[in-house]
Amino acid sequence: MKQEFFNSKIKTKGQDLYEFTDQVIQWIKNNNFKNGILNLSIQHTSASLIVQENADPDVQKDLINYFNKLVPMDEKLYIHSSEGKDDMPAHIKSALTNNQISLSLKDGKLLLGTWQGLYLFEHRLANHNRKVIHHFFGE
Amino acid sequence: MKQEFFNSKIKTKGQDLYEFTDQVIQWIKNNNFKNGILNLSIQHTSASLIVQENADPDVQKDLINYFNKLVPMDEKLYIHSSEGKDDMPAHIKSALTNNQISLSLKDGKLLLGTWQGLYLFEHRLANHNRKVIHHFFGE
Amino acid sequence: MKQEFFNSKIKTKGQDLYEFTDQVIQWIKNNNFKNGILNLSIQHTSASLIVQENADPDVQKDLINYFNKLVPMDEKLYIHSSEGKDDMPAHIKSALTNNQISLSLKDGKLLLGTWQGLYLFEHRLANHNRKVIHHFFGE
């Protein structure tokens with residue numbers, strides 16, 4: 001059994017879904033990981049990690065639109081507004097989704113479905129550098 | 001330390017919560033797993049895995065009703081509508097819940113609370129065959 | 001590789017966010033855990049575990065207010081109302097957030113971001129004793 005860590009930096013350019021499935025698969029290949037758990041955790045509370053469909057890009061647009069309607073960027077609705085109209089909604093969207101995902105690896109293959117991709121869901125409007133910890137535990 | 005994998009197929013007959021706690025416990029018993037992590041991941045983005053109350057079936061009805069009101073099946077609201085009025089809402093419900101759950105196992109016992117059950121939450125209206133990967137890692 | 005379990009009891013006094021980051025870090029220190037996965041799971045479906053900002057307490061107030069608006073405590077909206085107006089909303093809030101979180105540990109350090117804290121999110125109005133299982137798996 002072994003453990004490996006990697007601090008991935010993902011640059012975001014405003015509210016959007018950023019796929020990073022390929023980078024994760026490349027890290028697995030480079031390290032020759034075979035079987036185990038890959039624990040991914042984002043070190044922020046205004047962006048999320050989600051597994052979503054990667055076939056039709058319209059799904060991602062609909063997700064962004066939906067979450068914006070569900071959690072409006074309206075400063076009058078929140079007490080915490082000093083960091084901008086998009087900050088408190090970003091924390092709420094983070095609570096409604098996930099900070100962390102554990103994925104299974106078998107025979108060197110990341111066990112995702114045919115249409116599943118790994119995304120960083122950025123909820124802030126400005127550019128950010130996001131840290132996503134990759135932790136492999138297995139053989 | 002050992003790892004075991006099992007690809008469970010769960011047949012769903014439309015939007016509902018399908019409990020599969022007993023199947024998981026049976027798999028644990030059959031393999032004589034003692035202590036470790038059981039990572040469950042659904043290989044789809046239009047159905048979810050959740051832990052919910054298994055005492056009163058009305059809780060499940062209320063959950064379904066609530067999510068239908070929160071994410072309406074109205075094609076005018078979404079760009080991605082080619083796969084039916086229930087498809088984009090299913091992706092959104094998936095984002096609002098979970099694709100994956102990690103459960104702890106101690107002395108052969110799955111550590112769930114008294115009223116907790118494991119459910120596949122099907123968001124689509126038609127019948128589906130859902131793949132849920134069971135990955136045990138422990139001893 | 002070793003595994004350790006701890007059944008933490010957290011007393012809650014009504015709907016609120018209760019931080020328990022320090023207790024987790026203390027448990028890690030006391031046991032001299034170095035590298036591995038810490039799987040936390042709450043044994044109830046009317047309270048959640050979330051990672052949220054621990055800098056400005058207003059963020060927590062806004063989260064509570066938001067979830068109360070999103071899931072109203074109005075018995076007319078739910079079939080399951082025998083346990084009080086706050087019970088079914090609590091189950092829904094639990095489904096919208098998380099029952100379980102897996103955190104990574106490296107060189108004895110819990111890998112959380114600078115502003116991230118671990119919270120029990122209590123959704124019920126009355127006092128409760130909540131059981132949160134701590135399961136460490138690593139070295």
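Observations on the model:
- Viscosity 0.692 mPa s, temperature 37 °C, Stokes-Einstein D of region B:84-139 from Kirkwood C-alpha radius, µm²/s: 235 µm²/s
- For residue C:4, inter-copy label distances in nm, listed shortest first [label point 7 Å out on the Cα-Cβ vector]: 2.8, 2.8
- Only alpha carbons enter this Debye calculation for region C:34-80, each as an equal point scatterer, and the log10 of I(q)/I(0) it gives at q = 0.17 Å⁻¹ is -0.77.
- Angle in degrees between helix C:21-31 and the longest Cα principal axis of chain C, rounded to the nearest 10: 30 degrees
- Working from the Cα coordinates of region B:15-54, the gyration tensor eigenvalues give, after taking √(5λ), semi-axes of 22, 13, 9 Å in decreasing order.
- Cβ-vector label at 7 Å, residue B:57, separations to other copies in nm: 4.6, 4.6
- 18 Å Cα-Cα threshold exceeded, pairs from B:34/B:109; A:93/C:61; B:11/B:131; A:2/A:106; B:109/C:11: B:109/C:11
- Taking the 1.4 Å solvent-accessible surface of the protein assembly as shown as the whole, the part contributed by carbon and sulfur is 46%.
- Residue A:7-residue C:10 FRET efficiency (beta carbon distance; Förster radius 30 Å; 0.05 resolution): 0.45
- Test item: C:44-52 mean partner chain Cβ contacts at 10 Å: 5
- Chain C - mean residue ellipticity at 222 nm from DSSP helices (-39,500 (n - 2.57) per run, n ≥ 4, rounded to 500): -8000 deg cm²/dmol
- Based on protein heavy atoms only, chain C ends up with 39 Å² per residue of surface accessible to a 1.4 Å probe.
- Remark on region A:66-111: Rg and Dmax equal 16.3, 52 Å (Cα only).
- Neighbouring Cβ atoms from other chains, within 10 Å of the Cβ of residues in A:68-77, number 1 on average.
- Protein heavy-atom accessible area occluded, B/C pair - total, 1.4 Å probe, Å²: 2600 Å²
- The 1.4 Å probe gives accessible areas that order C:28, A:79, largest first, as A:79, C:28.
- Size descriptor, Kirkwood hydrodynamic radius, that averages inverse alpha-carbon separations across the protein assembly as shown, Å: 21.4 Å
- Size estimate for chain C follows the Kirkwood approach: the inverse of mean 1/r over distinct Cα pairs works out to 15.9 Å.
- Distances in nm from residue A:25 to the matching label points in the other copies, shortest first (labels 7 Å along Cα to Cβ): 3.9, 3.9
- From the alpha carbon centroid of region B:1-53 to that of region A:104-123 is 18 Å.
- Between 0 and 90°, nearest 10: helix A:87-96 axis offset from chain A longest Cα axis: 50 degrees
- Shielding of A:26-35 by partner chains, average beta-carbon count, 10 Å: 1
The values are calculated or read from the model by the stated rules, or taken from the named source; none is laboratory data. Keep in mind it's a predicted model, so treat the numbers as computed, not measured. Because the Cβ atoms are built from the backbone with ideal geometry, glycine has one as well, and the counts that use them run over all protein chains shown. We work out accessible area using only protein heavy atoms, side chains counted, and drop any ligands, DNA or RNA first. Shrake-Rupley method; radii C 1.70, N 1.55, O 1.52, S 1.80 Å.
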